[in-house]
Every structure is written in C-alpha cells, then in structure tokens.
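I have a structure here, written as structure tokens, and I will follow up with some questions on it.
Readers should treat all values here as calculations from the given coordinates under stated rules, not as data from a laboratory. All values reported here derive from a predicted model rather than from experimental measurement. Cβ sites come from the backbone with ideal geometry, for glycine too, and all protein chains shown count toward neighbours.
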Amino acid sequence: MDSYQGVPRQLTAEELSVLAGIVGEEHLVVRREDLDAYSRDGTEGLQGWPAAVARPASTAEVASLLAFCNGRRIPVTAQGGRTSLSGGAIPVLGGVALSLGRLDRILEIDEENGVAVVEAGVITQTLQEAVEARGLYYPPDPGSRGSCTIGGNIAENAGGPHSAKYGVTGRWVLGVEAVFAGGAVVATGGKTRKDVAGYDLNGLLVGSEGTLAVVTKAWLRLVPRPAAYGTLVAPFLTLQAAAHAVVEITRRGLVPAALEFVDRPAVEVSSARKGVGVPYPEAEARLLVEFDGGGEAEVERDVQAAGEIALDCGAIDVVLATDEPKRRLLWEVRRGIGDAVRDLGSSVELDLAVPRTELVALVEGVRAVANAAGLRVVVFGHAADGNLHVHLFHEGKPKADPARFQATVGAVYAEAIRLGGTVTGEHGVGLTSRDYLPLLRSPAYLGILRAIKSALDPNGILNPGKLLLS
Ligand SMILES: Cc1cc2nc3c(=O)[nH]c(=O)nc-3n(C[C@H](O)[C@H](O)[C@H](O)COP(=O)(O)OP(=O)(O)OC[C@H]3O[C@@H](n4cnc5c(N)ncnc54)[C@H](O)[C@@H]3O)c2cc1C
C-alpha cells in the first residue's frame, strides 16, 4: 500500500458549527488529544486523523449529518468498536469520524418471531448475553465480540469460530436501516424471514465496509440457545494429518459448531503468554473441535465420532474438555494467539481463505515465503471454512523494514489466489487488502463495484480510500 491517496480534509469553523448544531456541541469531538483514539482501529501500524468526531444519537441526526457532508464533499468514516483488522475504521482522508456508539439500544427481542431489533452501536456480546437470558442465541462470534458492534459486524460481514456451523453475520441479518450519502433513510427488510422483492439491497450493504451507507439499525435472526456443548482438542504430528481430519470430519456428515486449526508456533506463543503448559508440545498442528446441540447425548455422540475420526487420521490423542473451565481455557489459548503475536513485536495479519483441501498447501506456501524474507509466521483459524489467519512478524518494534513486510504480503496473497482462495475471508478489504484486490477480481468485476459505488455515493464521501483504489 503506497499511500492513502489524497490530502486529509480539514473542517472550517463554520462547518464545525453546523456539525455541532446537528449532534450537540458536547458530542462533537475536536481536541487533538481526544481525536487520537478515533485515528486508529485494531490494525497494527496504521493511523489517520479525523478533523472531528461526531457522535449522533439518532438516525435523524445521522441523516442530517450525511446530507450536510455530502453537500460539502466532507469524507465520513463510520466507526463502531474500531476493532477492524483491515484498517477499515481509520479516517485516512480526514473529515468526520462518525462514531455510532450512542446508538446502543436493544430495541426489541421478539421471542415469537425469533428476531432482535437493535441499533448499530450495540456491542455484539451485549446482544448475545441479552438474548441468551431469554433462551435464544445470536451465533456470530468474532474474537472481538466484547468490543465490536453489530453495525461493524454487518459492515465487515464478520465471522468467527462458530461460522463453521452458523455462517457469517450476513446469514443472520434480515434487514437493516441504512442512511445513504445524500441523507436518504432506507429499510432493506424487517421481521419477515423470506423476502425477495427486488435486488438484494440487504446483501449488498452487508459487507460494504461503510463505503455505501451507514447502518443505524438491524433486524437480526435468532435461534434457540444450544443446551449442551462438547469440545475436544486433537494434536497431530503433521499438518497433513490434521488437514485430512478436517476434510473427513466434515465429509462424514458431522456439523461441528467450530473446527479450528492452530499450528505449533501459534500454540507456543499463546501458551507462553498465558503461562500455561499444553500437552504434546511436539504436535505440529492441533484441531479444536466443538459441537453444540439440544441435549447432552446428541453432543456426546458427535464428540465421540469426531474423536474417532481424528484418531483414524493420525491424532496422537484426543483431549476432551470435560467441564466448562477446561473448555474456557482451550478457547482462551486459541483466542489469545493474535494478542500474543502482537506483544512479541511488529506483525502483519492476513485473513486468507482457500478451499479446505488446500489448507496444507497454504500453510507450507506461507512458511516458504516468510522464511525467504526472514520473518516468523504463525497460522491459525477457522479450518472448516478454509479461513486461516496468518501473522507474519519479527520480534521487536518498531517495524525495521516495512518494505520487507509489504513484499512478503504480496507474495502470500498471490499464493492464496493461486490455490483458488481469496485475500480476505472475514476481515474485509479495507486498506490492508485494497491494493491486492485487482490480483483477485477481474477488471470487469472491479468496474461493476465502481459503478455501484458511484451510483450510491456519487461524491465519494463514504469511507473514502477503502476497498477500491480510486
Ligand atoms: C482481538 C480481535 C479479534 C477479532 N476476531 C475476529 C473474528 O473472529 N472474526 C472476524 O470476522 N473479525 C474479527 N476481528 C475484526 C473486527 O472485530 C471485526 O471486523 C468487527 O466486525 C469490527 O466491528 P467494529 O464495531 O469494531 O467496527 P469498526 O472497526 O469500527 O469498523 C469496521 C468497518 O465497518 C464500518 N462500520 C462500522 N460501523 C458501521 C455502521 N454502523 N454502518 C456502516 N459501516 C460501519 C467502518 O467504516 C469500517 O469500515 C477481530 C478483531 C480483534 C481486534
């Protein structure tokens, strides 16, 4: 990525005063020291300053703000929890950071229809806990669920470990209320489960990364809360054996709620940071397999079957999480990998996805590229979806050699594409994959994306600099 392309837009005193009139003086942040937090997201090493942060409390305020900014060609970058790992929430071209944090109400949990109606700024885990208290379940569970928002999840079409069974966020979005660049407010759906009236605008906005509209509200599908969980870990001496087990578990008709892959370096960094020992340190790869269901017996049967398949495929052992604290510890080691790598030094995280049968080729290809560049690498992720997170890193900060990272990243993306994969499975294109999108998508495909962008946001004010090279 060479540059963000363009000079960050500043705001005049008159523009600031109009914005303050819309959201209220106390909800317009302008002091440099207060803007710092809004100039970053979860992506390491990237920063871009907004000229101001507006914190609206209603859809009407969002609509007025967008209408004004559209007229003045002021960039607007929507922000939820600012946990994006693709640089998506960074206001790289200045202007207004539109923080949705005050739109944080769960408006309704409709148990009979199995639908939650929520504002965009609701924290994902807050919604999950609220519906679970009513015996219901909202499955999308990004690792950041304690701080990311429903609006950000919709904008990134976020996934998580339990996508193996439940799919990514888009599968749960029945409709959104969205505000377009000129200020028009549109609902793309509601509580109706099936609705094919017209182009799938809902599907278009899901995953649009704040570049087409700002989501202010969502209708989300719920299912009954699983009554039982069963979790196992299977260590393998080779990558090949672990990958074979991934294919066999799914091919033989089991539907794990989660099927996670973790390579040896990833286990080493995460368990060292947590200060816990893990059995079978010689294992080159581990699978964490979880089942959920309506009752203990059903879950136990699936865990047993998956364990047998793992052993057939060459697992050294099968370790069951027999109680909730053990299950939690397994997930903590798995979820702690990203932070452990970030603590060690400078890193770049890639979010690759390939067909499941190419998992070994991807890991080996990535390691070869990293070795040649003198970088360390850990690989882990959502094996059932072929979605692996690759952290390239070297110990120590700051980044000694950004050019080395950049060249390596390009080679890794090329490898994923060569294997029939993609440059992002769940984190979004944002800034970090933007320049590599043309490796994956044809000029005709990119032309259609540009046509959609210019039809819906003709002045290019919504999250400029992201997803598409202009
Ligand atoms: C520790 C950690 C673990 C993570 N684990 C996962 C994981 O397992 N799976 C996964 O998919 N991701 C994961 N992520 C990435 C990130 O949490 C997700 O992309 C999440 O969906 C971002 O939500 P957010 O509210 O933080 O959005 P932000 O980071 O604030 O914004 C993300 C993007 O959405 C846009 N946006 C935000 N709100 C709106 C809105 N209301 N309307 C329109 N556009 C909007 C922004 O402009 C930006 O482009 C993880 C991140 C961290 C830091």
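Within 10 Å, count the other beta carbons around each residue, average over each peptide in 28-35, 430-437, 312-319, and list them highest first.
430-437, 312-319, 28-35
Based on alpha-carbon positions alone, could you give the equivalent ellipsoid semi-axes of region 74-126 from the gyration tensor, as √(5λ), descending, whole Å?
Semi-axes from the Cα gyration tensor: 28, 12, 8 Å.
Turning to a different aspect of this structure: If you average the C-alpha positions of region 443-470 and of region 35-105 separately, how far apart do those two centres end up, in angstrom?
18
For the chain, what does the helix formula give at 222 nm: sum of -39500 (n - 2.57) over DSSP H segments with n ≥ 4, over the residue count, nearest 500 deg cm²/dmol?
-10500 deg cm²/dmol
Can I ask one more? Return the distance in nm (one decimal) between the two label points of a simple spin-label model at A37 and T192, each offset 7 Å from Cα along Cα→Cβ.
Here the answer is 4.1 nm between the modelled labels.
Report the rotationally averaged projected area of region 228-332 based on its alpha-carbon convex hull, in square nanometres. The partial results should precede the final answer.
Working: hull surface 23.6 nm².
Averaged projected hull area, Cα only: 5.9 nm².
Still on this structure, please answer the following. Please state the equivalent ellipsoid semi-axes for region 270-372: what are the square roots of 5 times the Cα gyration tensor eigenvalues, largest first, in whole Å?
Values: eigenvalues 152, 75, 38 Å².
Equivalent-ellipsoid dimensions as semi-axes: 28, 19, 14 Å.
Using Cα centres only, tell me the gap between region 257-278 and region 169-240 in whole Å.
30
Restricting the calculation to Cα positions, tell me the Rg (one decimal) and the Dmax (whole number) of region 332-470 in Å.
Over region 332-470's Cα set, Rg and Dmax evaluate to 16.1, 46 Å.
Now for a separate question. Enter the angle in degrees (range 0 to 90, nearest 10) between the Cα long axis of helix 359-373 and the first principal axis of the Cα atoms of the chain, meaning the one along which they spread out most.
That works out to roughly 70 degrees.
Here's another thing I want to ask about it. Go ahead and run the numbers for FRET between L446 and I106, Cβ-Cβ distance against an R0 of 45 Å, rounding to 0.05.
0.75
Which trypsin sites (Lys or Arg not before Pro) from region 164-204 combine a DSSP loop assignment with at most 13 other Cβ atoms within 10 Å?
R193, K194
If you wrap region 134-196's Cα atoms in a convex hull and average its projection over all directions, what's the area in nm²?
5.9
Can I ask one more? Stick to the Cα atoms of the chain, pair each with every other, and give me the Kirkwood hydrodynamic radius in Å at one decimal.
When all Cα pairs of the chain are included, the Kirkwood radius is 23.0 Å.
Tell me the GluC sites (Glu not before Pro) within region 277-378 that lie in a loop according to DSSP and have at most 11 other beta-carbon atoms within 10 Å.
E282
Beyond 13 Å, what share of the Cα-Cα pairs of region 387-433 is found? Please give it as a whole percent.
64
So how many Lys-Lys pairs in the chain land under 20 Å Cα to Cα, not counting same-chain pairs under 8 apart?
Qualifying lysine pairs in the chain: 4.
Right, next: Which of the listed residues, S346, L259, S208, is farthest toward the dipole's positive end in the chain, when Lys, Arg count +1 and Asp, Glu count -1 at the beta-carbon?
S208
Could you please tell me the mean projected area of the C-alpha convex hull for region 106-224, averaged over all directions and given in square nanometres to one decimal?
Average of the hull's projected areas for region 106-224 equals 7.0 nm².
Select from region 183-231 those chymotrypsin sites (Phe, Trp or Tyr not before Pro) which occupy a DSSP coil region and have at most 11 other Cβ atoms within 10 Å, ordered by residue number.
Those that pass, being in a loop and sparsely packed, are Y199.
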